[in-house]
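Here's the structure we're looking at; comments come further down.
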Amino acid sequence: MLTIPSSRSGSFCDGVTRRDFLRIGGLALGGASLPEIVRAQTAAGKGAQSEAHKAVIMIFLPGGPSHQDMFDLKMDAPSEIRGEFRPISTNVPGIQISEHLPLLAQMMDRCTLIRSMADCDNRHDAFQCMTGRPFLNQPPGGWPSFGSVVSKLQGYRHPAVPAFVGLAPKMGHMPWANSGDPGYAGVAHGPFQPNKGGASEDMRLNGVTLERLRDRRALLDSFDQFRRDVDASGIMSGLDTFNQQAFNVLTSSRLLEALDVSREDPKIVEMYGKGDSKNRDDGGPKMMEHFLAARRLVEAGARCVTVGFSRWDHHGKNFEALKQDLPLLDRGLTALLEDLRLRGLENDVSVVVWGEFGRTPTINANGGRDHWPRVSCALLAGGGMKHGQVIGSTDRLGGEPESRPVKFGEVFSTLYKNLGIDADQTSINDLSGRPQYLVTPGCAPLPELVG
């Protein structure tokens, strides 16, 4: 974290108190400095456009959520498979979900369930959910995440807000905390990560207070002391214009205020509820504030925000853990969807919720479910898509796709389309200079959602 303390009280004309700390998360921008981010996003030629602000919020459930205990309950299966949860009806006739998701059940007309995600990697990380691609056999530079692609193609929308923000907190198993790698899109298009490193690893600009921020040279000289992963090729030379723009990002209140959920209407904060900031085992905390921060960030101008919520790798005591986490997910997700609607963003902001794979049909001796990459689930909402439906189905035991198997690339192609990007016709060169399309060939937008 970057912390710039104030030496005296009072307030600025924009209402930010001098006692406030400017905490910009270590400038953890996928390995790039802030000026590099600004330069790359300016080069995209798409900044500060006047079109309707389209954005995507990607909610990753680390560890692989149990699809048959959330969205695809199998009441006709034997007890060692169906588990102890019961389905409840939703506000869409014929669609049922877990009894521990009652709020979502009353919003199912605004959501789409995919019960047949069928090309999961058997890997415990966020990679496929961020890139839409399998981990193996990557091209030179590696597959870029969704947010990095969007940053490269569309740039920033507001010069004080990065196009791509990753809110994943620090976790015991850090591959789950991956907010999205830039890959061959370039380090300048990695996510801005305000939570990277954790509060215990804050960095402080020694001797530089808010009162001295007008001295740009003092800020940049101090900034050079801890800027990480500077490009050894000398790309930073001659970037005075972009340093100035980066300075404007640092000193603008827009990003700071978007991240500061305490500025939100208390009634809205209460709607999201409170979670638990402590990590659970090797997973992440249950930060309800991140659902709210995601909405605030896209409203401020971010094009893609990724969130990592809790831990879903339940090899033991699966039902006990889900009784704690499902109600929190239920509240945070439905609050986000309602908040987007209230602010007129529901048709412009697409939301996707998923994990890296599903869980075994059979409950093990420890009352848990193990890894199961053959099938998993996803939920989509917003984005002007056709909702109130289920796409795909699984067999009687919930172990294999029975109809309409869906690939990650199809979901990504749909999300790109919602942003105005034709994934089938758009390419980015990898580090060997070879053009690479945005999704696996043959992965078109889901016609059930976008026609």
Report summary line: Filter region 352-378 for residues that are buried (at least 24 other Cβ atoms within 10 Å of the Cβ) and in contact with a Lys or Arg (Cβ under 6 Å, 6 or more places away or on another chain); the one that is farthest from residue 337 (Cα to Cα) is 369
Query raised in the report: Of (1) of a type in the set (D, E, K, R); (2) more than 21 Å from residue 54 (Cβ to Cβ); (3) surrounded by fewer than 23 Cβ atoms within 10 Å (Cβ to Cβ), residue 115 satisfies all except one. Which?
Result: (3)
Requested in this report: Quickly run through region 92-112 and pick out the residues that are touching an Asp or Glu at 6+ places or on another chain (Cβ under 8 Å) and not basic (Lys, Arg).
Outcome: 92, 98, 100, 101, 102, 103, 104, 107, 112
Requested in this report: Kindly state which helices (runs of 4 or more DSSP H) lie completely within region 142-253 and contain at least 2 residues that are at pLDDT 65 or above and touching a strand residue (DSSP E or B) at 6+ places or on another chain (Cβ under 6 Å).
Outcome: 146-154
Query raised in the report: Give me the pairs: first residue in region 407-423 and closer than 14 Å to residue 147 by Cα, second residue among the aromatic types (Phe, Trp, Tyr) and outside any helix (DSSP H, G or I), beta-carbon distance under 7 Å, and six or more apart or on different chains, which are they?
Result: 423/437
Report task. Return only the number of the condition from (1) assigned to a loop (DSSP other than H, G, I, E, B); (2) out of contact with any helix residue (DSSP H, G or I) (no Cβ under 7 Å at 6 or more places or on another chain); (3) surrounded by fewer than 21 Cβ atoms within 10 Å (Cβ to Cβ); (4) modelled with pLDDT of 95 or more that residue 109 does not satisfy. Result -> (1)
Report task. May I ask you to verify whether residue 410 is buried (at least 21 other Cβ atoms within 10 Å of the Cβ), under 30 Å from residue 81 (Cβ atoms) and of a type in the set (Asp, Glu)? Result -> yes
Requested in this report: Output the residue which, of all residues in region 66-84 that are touching a Cys at 6+ places or on another chain (Cβ under 7 Å) and not aliphatic (A, V, I, L, M), is farthest from residue 306 (Cα to Cα).
Outcome: 72
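So, of the residues in region 415-451 that are in a helix (DSSP H, G or I) and charged (D, E, K, R), which turns out to be nearest to residue 114 (Cα to Cα)?
So in region 415-451, the residues in a helix (DSSP H, G or I) come out as 415-418, 447-450.
From the residues that got through so far, the ones that are charged (D, E, K, R) too are 417, 448.
On the way: 417: 18, 448: 11 Å.
Out of the qualifying residues, it is 448.
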Query raised in the report: For region 325-413, which fully contained strands (runs of 3 or more DSSP E) count at least 1 residues that are within 17 Å of the chain's Cα centre (by Cα)?
Result: 349-354, 376-382
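The values are calculated or read from the model by the stated rules, or taken from the named source; none is laboratory data. Because the structure is predicted, anything quoted here is derived from the model rather than measured. Cβ atoms come from the backbone with ideal geometry, glycine included; neighbour counts cover every protein chain shown.
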